[in-house]
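The values are calculated or read from the model by the stated rules, or taken from the named source; none is laboratory data. Please read these numbers as outputs of a predicted model, since none were measured by experiment. Methodologically, a virtual Cβ is constructed for each residue, glycine included, from the backbone with ideal geometry; neighbour enumeration extends over all protein chains shown. Side chains are part of the model used for accessible areas, which takes the heavy atoms of the whole protein and leaves out ligands, DNA and RNA. Shrake-Rupley method; radii C 1.70, N 1.55, O 1.52, S 1.80 Å.
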Amino acid sequence: MASTLNQKEATDNQNSWDRLLPDFPKGPLCRYRKKASFSWKEMAMFLNGEDIIQFKNRIFSSLENDPLFAHHPGEDLRREKYQELTFLRCKRLFEYDFLNQQELLENPLKIFNMILCLGMYDWSLCIQLLLHSGVFTGPIISASRRFAHIVKQVYNMEIFGCFALTELSHGSNTKGIRTTATFDRSTQEFIINTPDFEAAKFLVGNMGKHATHTVLYAQLYTPDGQCQGLHSFLVQIRDTKTLLPMPGVMVGDVGKKVGQNGLDNGFAMFHNVRIPKENILNIAGDVTAEGKYSSSVKDVKERFSAALGSLSNGRIMITALSTTNLKLALAIAIRFSAARCQFGPTEDEEIPVLEYQTQQWRLLPYLAAAYALDYFSKSLFENFVEFYAGVLTKQRNQRQADLGREIHALSAASKPLASWTAQQAAQECREACGGHGYLAMNRLGDIRNDNDPNCTYEGDNNVLLQQTSNYLISWMNCIRDKVPFESPLGTINILQDYHHILGWKFTAVSVEDCMDSSVPLAAYKWLVCYLLRESYLKLSKEKQAGLSDFEAKNNCQVYYCRSLAIAFIEQTVLQRYHDYTHDPTVPPALQPVLKNLSALYGLWSLSKHLAMLYQGGYASGEQPGRFIQNAILELCYRLKDDAVALADVLAPPDFILNSAIGKASGEPDLCIEMIKISFSSEVNNKPEVPGVFYIRLLRVAEIDLLIRAILQTGACYSLQYSIQFRVEIDIKETTESTAVWMRLSLYHHVASKEVMLSLAVLTLREDLKASTALTQHSPRQELVTKQIHPPQECRFNSRFFSLTFNTPCRQWQCYLQHFEAIKCYLSLHENLLNTNPDAGSKKDIEVLENVQRRAMELVKELKHESCEEWLRELGVFSLGKRRLGDDHSYLKGACSNIGLGIFSQIISYKTRGNSLKIMPGEV
Ligand SMILES: CCCCCCCCCCCCC/C=C/C(=O)SCCNC(=O)CCNC(=O)[C@H](O)C(C)(C)COP(=O)(O)OP(=O)(O)OC[C@H]1O[C@@H](n2cnc3c(N)ncnc32)[C@H](O)[C@@H]1OP(=O)(O)O
């Protein structure tokens, strides 16, 4: 009975997994998937839970089905267009309203996952949204209820926000910020000023083109001339209707960056800009009507932490964003390594590169790091949720303060750890995929470049690590004075055993002994205590030698405080992951692989500190080092057959991953990607010179992909340039699909550019239909079907079919919209037959005449309907909204449709430095 029940439960589980997580397409990766020791679906369910998987699926499929999110082929959109597209997409996200407040309260991890899903798709978009609705809005929400109307405007996108802390000459050193906000008693206003060019706000995300408001950090001056320190203010920088700068504000874009170029980073200078007194975000302090400074936080340092408290949230999020990059890069490189065969034991036999020890050693420790950091970032986010609840409910107890400090110390080190790990991994993955890794279409370069700012924004990594080491060193007083202590999250509780731990030694006596994460964990605990002692001693020595605090600290970073902060955060990540993977509630089938990951992450991270382990006497002799190295290699080997399944758990759907070599099937559609690249770069860079693209398609399935490529390109471009398109299809291979074969063969003997144009358009229509999953019978479907199933007698001899597509894009779009293509086909076809009566056999001509007649009927039937109507009927997004050319009038429609205020008046001429348009008379 029990076994029947278990069986039923297993079947139910399997069914629910299959429903949420469809099987991957068959391909070369199957051989590894079959070898995996666990079910990737069970793992995905265990790590995420059904609710989150459903939620992620919803986001992914919404993006995939919305033409506005169609990938830009070739990824070389001009920066202005990319920024514009990013902004439109950001607006669209508000329409989707993926998460309502109720859902958010029930499961805050949903917002965390939503952000990461968007980042997987495109980091510029993700950061733009975060800056607007998180970094800008966060301090406003925390400040006071009086800003409720502003928050409402944020979520309605009536205003667009940015966070202006950084200045041209001061980035990480926030105390040095020089923008001023001086209170004017007579008008009850603050006057904002940029004292000189170096104090200009700089590199501020969203500020370049789109932001209308900013949370501005400035030194607050009271009328008595006293500087009260750093405070934040809500300042309007652009008119919400015209997007022209407000009086006294000079604002613009900073130019191209290394990555994230869809995001408009800007600068701003302020000259006597007046804002109402109420616009101070009174988190740290406020000013009375008489101009007296008041703050509930008496200590200046504490006030400073309160003013910067919101940055911890950002650093936690950046830990997760970086981990997501790690996951993306690994998914691509592991799939590629498993599918790609090169060299081998004999000349005839090439083996997957994943079989090579070096490749395993290069990639699998990063895979383990991705799992460990993924768990850690989630758990840290949950800690933050607890802390933030306290902020919102105005908790002022000791625990809340201690929690804030601990989270600050953790996030100040986890951001460096995760962003550096992702950075190194992206480069390793790039190289591990050879030349393919270097191709932009495979995305590893973008992942690397888009991850890069994670090392810098919200505080330079090396500067932030000092915050963590300061925090750790601050516990030395308790240790020295033997005062009992603990922290709210318990991360420093190992220091309670400081003296005892310092006496520990490496005790494993075999490689097998090292195969559990408890071994590196013990070593890490010792390392943290040792580095803490060494840093503290060094600091004391420097001070005793007469150096100032500043100099002493400066001399204690390298090899001491910096290493301490890194060791501490690695130990914390490992501790949490070790506890998680060794929990008895882990499903038995997943335990071995999860434990292997935990051990590999621990040993591999620890191996970078081997010198210190020997230097401090924790390890001695040959064996510890040898054991650790051999255990790493053994774990890599053991995980090798699980690697693809582990990558499958981390990878988003193909559309989101957007990497030709990272496809779930393991079969890169390289030729399609090549078309996209060539197509887009020709369109973009040589508008006047039509390019010729010549490819040979290998399978029927690729025709659909080709069509998708054309369609997506059409969706992304203004379609104003000429395109010449040439496709060669292997007919022999295509016989597996009658529809495609017939459709192609029909035109074989009469091939001419123009006739083929109509073919392409008909094919496009077929794709449109398919992409909207139009399954029910409809007159439209019938028409298309008839059109692509010409009579059976149509035959041909050659294996190859050739198609050339040569038309101005605008016209092409027109064809798509109004079925001009069919008319064009008819007239051109007539011309062809007139001028070249031997174009085909008699039968072919009969066939063509049949098609011609049918096409005439088709045109007549469609005449009364505009393409817009036709598309609407199919449920396809209006083409007008997809267009991103110079004509921005669509913006007006799009905005008014969805009730957005920003561009509601933008329709006519260009504003300076901003490609958006405004209507004359509106300014
Ligand atoms: C769920 C929704 C999510 C939404 C949010 C998501 C965000 C996503 C992020 C993506 C964003 C990308 C775009 C990024 C934009 C930016 O980067 S904008 C800003 C960039 N600039 C910075 O981040 C500034 C970095 N510098 C600092 O934070 C500080 O200057 C410093 C380096 C941390 C402090 O240095 P210093 O001047 O030496 O001061 P100290 O003496 O060390 O500090 C004084 C005390 O204050 C404590 N403290 C400092 N910061 C905090 C904090 N955040 N929280 C709590 N406490 C803090 C510090 O520990 C000191 O305390 P004591 O040791 O007790 O004295």
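Considering the range 92-111 alone, what residues qualify as being under 20 Å from residue 260 (Cα atoms) and touching a Phe, Trp or Tyr at 6+ places or on another chain (Cβ under 9 Å)? Scanning the range 92-111 gives a single hit, 92.
Filter the range 297-326 for residues that are more than 8 Å from the ligand (Cβ to nearest atom) and without any contact (Cβ under 8 Å) to a residue 12 or more places away in the chain and give the result. Result: 298, 299.
Within the range 471-518, the set of residues being under 37 Å from the mean Cα position of the chain (by Cα) and within 20 Å of residue 400 (Cβ to Cβ) comprises 471, 474, 486, 487, 488, 489, 490, 491, 492, 493. Looking across the range 384-410, the residues that are within 12 Å of the ligand (Cβ to nearest atom), within 27 Å of the chain's Cα centre (by Cα) and open to solvent by 20 Å² or more (accessible area, probe 1.4 Å) come down to 385, 387, 388, 408. Restricting attention to the range 657-675 and to residues that are in contact with a helix residue (DSSP H, G or I) (Cβ under 6 Å, 6 or more places away or on another chain) and modelled with pLDDT of 85 or more, the residue that is most open to solvent (accessible area, probe 1.4 Å) turns out to be 663. Checked against (1) modelled with pLDDT under 95; (2) within 16 Å of the ligand (Cβ to nearest atom); (3) open to solvent by 10 Å² or more (accessible area, probe 1.4 Å), residue 281 passes all but condition (3).
On the given criteria, is residue 451 closer than 22 Å to residue 257 by Cα, within 14 Å of the ligand (Cβ to nearest atom) and within 17 Å of the chain's Cα centre (by Cα)? Walk me through how you get there before you give the answer.
Working: closer than 22 Å to residue 257 by Cα: yes; within 14 Å of the ligand (Cβ to nearest atom): yes; within 17 Å of the chain's Cα centre (by Cα): yes.
Against the criterion (closer than 22 Å to residue 257 by Cα, within 14 Å of the ligand (Cβ to nearest atom) and within 17 Å of the chain's Cα centre (by Cα)), residue 451 qualifies.
Annotation: residue 267 fulfils all but one of (1) outside any strand (DSSP E or B); (2) more than 29 Å from residue 395 (Cβ to Cβ); (3) hydrophobic (A, V, I, L, M, F, W, C); the unmet one is (1). When every residue of the range 630-640 is checked against the conditions, none turns out to be crowded, with 23+ Cβ neighbours inside 10 Å and of a type in the set (S, T, N, Q). Scanning the range 475-494 for residues that are open to solvent by 50 Å² or more (accessible area, probe 1.4 Å) and either in contact with a Lys or Arg (Cβ under 6 Å, 6 or more places away or on another chain) or within 16 Å of the ligand (Cβ to nearest atom) (or both) yields a count of 1.
Quick grid of which residues meet (1) more than 13 Å from the ligand (Cβ to nearest atom); (2) open to solvent by 60 Å² or more (accessible area, probe 1.4 Å):
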{"position": "132", "(1), (2)": "no, no"}
{"position": "137", "(1), (2)": "no, no"}
{"position": "142", "(1), (2)": "no, no"}
{"position": "148", "(1), (2)": "yes, yes"}
{"position": "157", "(1), (2)": "yes, no"}
{"position": "161", "(1), (2)": "no, no"}
{"position": "164", "(1), (2)": "no, no"}
{"position": "175", "(1), (2)": "no, yes"}
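Comparison of 121, 82, 96 shows that the only residue that is under 30 Å from residue 439 (Cβ atoms), modelled with pLDDT of 90 or more and open to solvent by 20 Å² or more (accessible area, probe 1.4 Å) is 82. Here residue 447 meets each of (1) over 24 Å from residue 422 (Cβ atoms); (2) touching a residue at least 60 places away in the same chain (Cβ under 8 Å) with one exception, condition (1).
Restricting attention to the range 16-42, the residues that are modelled with pLDDT of 95 or more, open to solvent by 60 Å² or more (accessible area, probe 1.4 Å) and not in a helix (DSSP H, G or I) total 1. Cβ separations smaller than 7 Å between residues 6+ apart or across chains give no pair from the range 465-486 residues that are over 19 Å from residue 500 (Cβ atoms) to residues that are more than 10 Å from the ligand (Cβ to nearest atom) and not in a helix (DSSP H, G or I).
Scanning the range 327-383 for residues that are within 16 Å of the ligand (Cβ to nearest atom) and either outside any helix (DSSP H, G or I) or open to solvent by less than 10 Å² (accessible area, probe 1.4 Å) (or both) returns 377, 380.
With respect to residue 181, is the statement that it is more than 19 Å from residue 94 (Cβ to Cβ), more than 10 Å from the ligand (Cβ to nearest atom) and among the hydrophobic types (A, V, I, L, M, F, W, C) true? The answer is yes for residue 181.
Can we say residue 472 is in a helix (DSSP H, G or I) and either within 16 Å of the ligand (Cβ to nearest atom) or on the phi > 0 side of the Ramachandran plot (or both)?
Taking the combined requirement at face value, the residue satisfies it.
What strands (runs of 3 or more DSSP E) completely inside the range 184-256 contain at least 3 residues that are open to solvent by less than 20 Å² (accessible area, probe 1.4 Å)?
Filter on the range 184-256 gives 201-205, 213-221, 227-236.
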